[in-house]
Structure formats: structure tokens, C-alpha cells
Amino acid sequence: MKTISSVVEDYIKNKPFLLSALSQGIINLTSLSRNILPELEAELGKEVKQGAVVMALKRLSVDLDFRTNHKILKVLKNIGEITVRSSLTDYTFLISDSILAKQAELIKELNKNKEAFYTSSRGVNETNIVVSNSMNRLVESIFVGEKLTQKTEGLSSITVKLPEENIIVPGIYYFIFQRLAWEGIVLNEVISTTNEFTILVNDEQIDSAFRIIKDLKTMK
């Protein structure tokens, strides 16, 4: 059986930015309840008192405050090294029978240049390769004949070392990426391992992105 509390929670959870604002206590609950009242009544099939919605929102905000501000922020305060790199190029190739062999050849050549940056990820249909701009000619010579679907230059990366507990606390990545989205940061790529992740952004946005991530360590 649907209750006012359950319907309110479902409504809020389906609106990520509203969810975060509610958890931070920056929304007027009376105004919010008035705005969502018609939709809640339609869902429940009966008249609902505004005061009951306000109470449901208060209980939900307290619960969200614990789940978000206590657990997630505790992890973010322990963010480790933040590494910034510039002058990067992002390549996307369609997967083929020969793509792995060419990646192996590229890695072999890159091992001769310890200063060069390289990372990659593989999806179902595409392989992504990110390298220092100085390695562009090498990549394009090795991958000649492969289907290049995208090449983006003028990129910078931020690599963030996360504490080990990031894998047991839900919402870490959401919390970080939400704040980047709020500031209009466009993520060209996201590449992650168990305890670190790397984002690629345009050179023009790297300073803002770094500031946002750095400030996460001091949020209260």
C-alpha cells in the first residue's frame, strides 16, 4: 500500500538535483510541498494535506542528511593525491580483430618514453585511448587502418586518488560529478579503477574543475 512518505520519497529520488538540495537543507519545504501536492494526490488517488507532505519531507531530509553529509563527506575529506595533466589527446576507435595487438604495440613504444601519459578503456563497441599530444603521430601511425570515430585535442586531465572505503559508500561518484555539473563542467571522458578516477575536460575548464574537486576535501 502506498503511503504519503513512500510517494514523497519516490518523487524526490527521481529528481537528483532536488534530492541534493533537500539533503543540504536549502529548500523551503512548505513551498516544495505546495508545488508537488497535485502530483502526489494523483499518485495516491486521494486528497492529501499539505502539512503531511511537509512532515514527510522533513523526515526525508533528516535521513538524507545522515546518508549524504555524514558518510559521503567523511570519505571525501580523505581524498588523496590530485594530479593534473595537460596537452592530451583523446582517440576513440571501433573495436576490431586487430585493435588489441595494436594497443600492445603502442604500450611497448610508450614504455620507451616514461614522461608520456597514457590511459585507455574498452567498451562493447569502442576503445578509448588518451595520450600526451607528443604521442599523436605514434598513435596514428600504429592505428592506421582502424576506424577512428573521434579525436579530441586540447584536453587536460584530473586524476583523483580515493580512500579505500569509496567502494562501500554509495553515492561518492554521484556527489562529485553533480558538483561538476552544477558548475557547467563538461566531462569529455571518465576513466576509473578501484581507488582512483580520471576525468578529461577542455583546457579552458581545467582550473574550475580542479577547484571544485579540491574544495570537496574541506566541505562541511
Of the candidates 100, 106, the one satisfying the condition of being surrounded by 15 or more Cβ atoms within 10 Å (Cβ to Cβ), free of Cβ contacts under 8 Å to residues at least 40 places away in the same chain and not polar (S, T, N, Q) is 106
Selection count where residues are of a type outside the set (Val, Ile, Thr), in a helix (DSSP H, G or I) and in contact with a helix residue (DSSP H, G or I) (Cβ under 6 Å, 6 or more places away or on another chain), scope segment 139-149: 0
I need every pair where a residue in segment 14-36 that is surrounded by fewer than 11 Cβ atoms within 10 Å (Cβ to Cβ) has its Cβ under 6 Å from the Cβ of a residue that is at pLDDT 75 or above and in a helix (DSSP H, G or I), sequence separation at least 6 or different chains. none
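Here is a yes/no grid of residues against (1) touching a strand residue (DSSP E or B) at 6+ places or on another chain (Cβ under 9 Å); (2) among the charged types (D, E, K, R); (3) not assigned by TED's automatic domain parsing to the domain that holds residue 163:
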position: 42; (1), (2), (3): no, no, yes
position: 46; (1), (2), (3): no, yes, yes
position: 56; (1), (2), (3): no, no, yes
position: 88; (1), (2), (3): yes, no, no
position: 107; (1), (2), (3): yes, no, no
position: 116; (1), (2), (3): yes, no, no
I need every pair where a residue in segment 124-149 that is in the same structural domain as residue 113 (by TED's automatic domain parsing) and under 16 Å from residue 96 (Cα atoms) has its Cβ under 6 Å from the Cβ of a residue that is part of a helix (DSSP H, G or I) and not β-branched (Val, Ile, Thr), sequence separation at least 6 or different chains. 142/102; 142/105; 142/106; 143/102
Restricting attention to segment 150-204, which residues are of a type in the set (Ser, Thr, Tyr) and part of a strand (DSSP E or B)? 152, 156, 157, 159, 192, 198
For residue 169: the one exception among (1) surrounded by 15 or more Cβ atoms within 10 Å (Cβ to Cβ); (2) modelled with pLDDT of 90 or more; (3) within 26 Å of residue 21 (Cβ to Cβ): (2)
So, of the residues in segment 48-97 that are surrounded by 14 or more Cβ atoms within 10 Å (Cβ to Cβ) and among the acidic types (Asp, Glu), which turns out to be modelled with the highest pLDDT? 90
Are there strands (runs of 3 or more DSSP E) fully within segment 20-136 with at least 2 residues that are closer than 17 Å to residue 191 by Cβ and of a type in the set (Val, Ile, Thr)? List them. 82-94, 126-132
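The values are calculated or read from the model by the stated rules, or taken from the named source; none is laboratory data. Values in this document were obtained by computation on a predicted structure and should not be read as measured data. Every residue, glycine among them, receives a Cβ derived from its backbone with ideal geometry; neighbour counts consider all protein chains shown.
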